[in-house]
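Let me begin by presenting the structure, written as C-alpha cells, before commenting on it.
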Amino acid sequence: MKTGKMLMILAAWLLILGLAAGCGAGASGGGTAGDVPGASGGGTAGDVPDGGDTPAPGDAPAVGETGGDIVVGVNFELSGNLAGYGQAKLNGLRIALDEINALGGVLGKTLVVKEYDNKGDNAEAVSLATRLMGEDKVVAMIGPVTSGRVMAAADVARQFGIPLVTGTGTSVGITVRADGEVNPFVYRTCFTDPYQGTLAASYAAGSLGLKTAALLVNQSDDYSIYMASAFQDAFEAAGGQIVDSVSFMQGDLDFRTALTKIKSAGAAMIFCPNYYEPNALIARQALELGYDGYIIGGDGWDNRDHLIQTAGPEALQKVYFINHYFPGDTGDDNQRFVEKYAELYHSAPPSFAALGYDTMWFVADAIEKAGAADPAAIDRAIAGTVGFQGITGTFDMGPNHDPIKSAVVIGFDEEGNYRLADRVR
C-alpha cells in the first residue's frame with residue numbers, strides 16, 4: 001500500500017460504512033458472494049459452483065476475469081485445528097478488499113476473491129490450488145496460510161505459471177528448494193522460520209543477557225525444528241550454551257516431565273518455537289512447576305485470547321515472542337485498520353489478520369503495476385516490488401522471493417495485553 005492512498009482509503013471507508021454490518025455478519029465463516037463485498041463464493045473442494053449459461057467461445061472471459069471483474073484465489077485453513085490462523089487472515093484480507101474496491105478496484109475493475117477452505121489438509125490444499133488455477137482461472141492465489149500446506153501447493157503454481165503469495169507461510173523451503181533454486185511463481189510477504197530463530201537468539205543473548213537456554217521442540221513439525229536449529233546456532237555463536245533439548249509430538253498435552261528436566265538443568269530460558277495450543281499449556285505448566293526463567297518463541301504464539309484463556313496472564317509475564325506486527329502501533333494506517341477490525345470482529349487484530357490485510361493490498365498493487373490481468377505480468381511486478389508500504393512494515397521483494405523487512409518482539413503486561421518489547425532486524 002502506498003501512503004499516497006491513505007486519505008483516499010479514509011474517504012473510501014465513509015462510502016462503505018453502510019456495508020459494515022453485513023460484512024461483520026459474514027466474516028465468521030467461509031462466506032458466499034452475499035456475505036462480503038468482493039467475494040465470489042466460499043465453500044470447500046466438494047462444492048460445485050453454479051456455472052450458469054455456458055458462454056460462446058468468443059465471449060469467454062480472459063484468465064482471471066469473470067465478466068468485468070478480476071479474480072484472485074484464496075486457499076486458506078478455515079476449519080480444523082489451524083482455523084484460528086486462517087480465519088484471522090481472511091478477516092484482514094476482507095478489510096483490504098473492501099478498501100480496494102471502494103477506491104475503484106484494480107485496473108478499473110472490481111477485485112473479486114474466490115474463497116475455499118483447505119481444512120488444514122495438504123491434499124485438499126493441492127486440490128483447491130488446482131481448482132482455482134485450472135478451473136476458476138484466477139490471476140493469482142493468496143495462501144495457503146501455514147507452511148506445510150503452502151509447500152504442498154507450490155508445485156501447482158509452477159505448473160500453471162500463476163503467482164502464489166502466502167502472507168504467513170514461514171518455512172524457508174517455500175521459496176527456495178532443497179537444491180538451492182528459487183521456486184518460480186511462489187512468494188511470501190512475511191519473514192522465515194530461520195530468521196525468527198536468529199532474531200530470538202539475538203534478543204535473548206543481547207537484550208536480556210541470557211547465557212543458558214533449553215529447547216522444547218515439536219519433533220513432528222518442521223516449523224518448530226527449523227526455528228530451533230537457527231536459534232541454537234545463533235545463540236551459541238553469541239556465547240550462549242544450550243543446556244538441554246527436549247522434544248515432544250503433535251497432540252501431546254502434558255509437558256511436566258520435560259519442564260522438570262529443563263528446570264533441573266538450570267536453563268535461564270526455554271526456547272519454545274511452537275504453535276499457540278501447546279505453548280499455552282507449556283506456559284501454564286511451567287508456572288505450576290515453579291519455573292521462573294524466560295520462555296521465548298516465534299510467531300506461532302500469536303493468539304492472545306487462547307493464551308489468556310488457557311495459561312492466564314501470570315504465566316505470560318516472562319514470555320516473549322518474535323512477531324510480524326504490533327497492533328498498538330500508533331501510525332495512522334494501522335490505527336484505521338485496528339479500529340475497523342474491532343468494529344467488525346470485536347477484538348484486536350492478531351498478526352495473521354494484519355498480514356492478510358497487507359497481502360491483499362500487495363497483490364492488488366502488483367496487478368495494478370502489471371497493467372493487465374495477466375499472471376506472467378503480475379509475477380514480474382511482484383518480483384520487482386520495491387518500497388511496498390504496509391501496516392506490518394515497508395519492504396522490498398528479495399531475490400529469493402522473501403521480503404526484506406523487520407520484526408517486533410512482543411511481551412505481556414500484567415493483564416495479559418500485548419506490549420511492544422523491541423523492534424529487531
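Any read-out appearing in this document is the output of simple, stated calculations on the displayed coordinates, not a laboratory observation. All of these numbers come straight from a predicted model, not from anything done at the bench. Here Cβ is always computed from backbone atoms with ideal geometry, including for glycine, and neighbour counts include all displayed protein chains.
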The alpha-carbon center of region 119-176 and that of region 185-229 are separated, in whole Å, by 24 Å
Derived scalar couplings ³J(HN,Hα) [region 159-176; Karplus, 6.51 cos²θ - 1.76 cosθ + 1.60; whole Hz; x for Gly, Pro]
4, 8, x, 10, x, 10, 10, 9, x, 9, x, 9, 5, 4, x, 5, 9, 10
Among DSSP bridges having both ends in region 193-323, what percentage is antiparallel? Round to the nearest 5.
0 percent
Which FRET efficiency value, to the nearest 0.05, is calculated for residue 241 and residue 159 with the Förster distance at 60 angstrom and r the Cβ-Cβ distance?
0.80
Among residues other than residue 307 whose Cβ falls under 15 Å from its Cβ, what is the net charge (Lys/Arg +1, Asp/Glu -1)?
-4
Check each of the chymotrypsin sites (Phe, Trp or Tyr not before Pro) in region 185-291 and keep only those in coil by DSSP with at most 13 other C-beta atoms within 10 angstrom; list them in order.
none
Scalar couplings 3J(HN,Hα) for region 198-205 by Karplus 6.51 cos²θ - 1.76 cosθ + 1.60 (θ = phi - 60°), nearest whole Hz, x for Gly and Pro, are 5, 5, 5, 5, 4, 5, 5, 6
Using alpha-carbon coordinates alone, the radius of gyration and Dmax of region 254-337 in Å work out to 14.2, 48
Grab the other residues whose beta carbon is less than 13 angstrom from that of residue 80, score K and R as +1, D and E as -1, and report the net.
-3
Given N residues in region 193-323, what is Rg(Cα) / (2.2 N^0.38 Å)?
0.92
Give me the net charge for the shell around residue 410: Cβ to Cβ below 14 angstrom, other residues only, Lys and Arg +1, Asp and Glu -1.
-1
Once you put a point 7 Å from the Cα of residue 222 and another 7 Å from the Cα of residue 306, both along the Cβ direction, what distance in nm separates them?
2.1 nm
Could you give me the ³J(HN,Hα) list for region 233-247, computed from phi with Karplus coefficients 6.51, -1.76, 1.60 and θ = phi - 60°, whole Hz, x at Gly and Pro?
4, 6, 5, 5, 5, 8, x, x, 10, 8, 8, 6, 9, 10, 10
Given 0.36 nm per residue, what is the gain on full extension from residue 233 to residue 372 after removing their alpha carbon distance, in nm?
45.5 nm
Going 7 Å from the Cα of residue 81 along its beta-carbon direction, which residues of region 232-274 have the amide nitrogen within less than 20 Å of the resulting point?
246-259, 272-274
Once each part is reduced to its C-alpha centroid, what is the distance from region 240-287 to region 294-312 in angstrom?
13 Å
For residue 346 and residue 181 in one chain, what is 0.36 nm times their gap in residues minus the Cα-Cα distance, to one decimal in nm?
55.1 nm
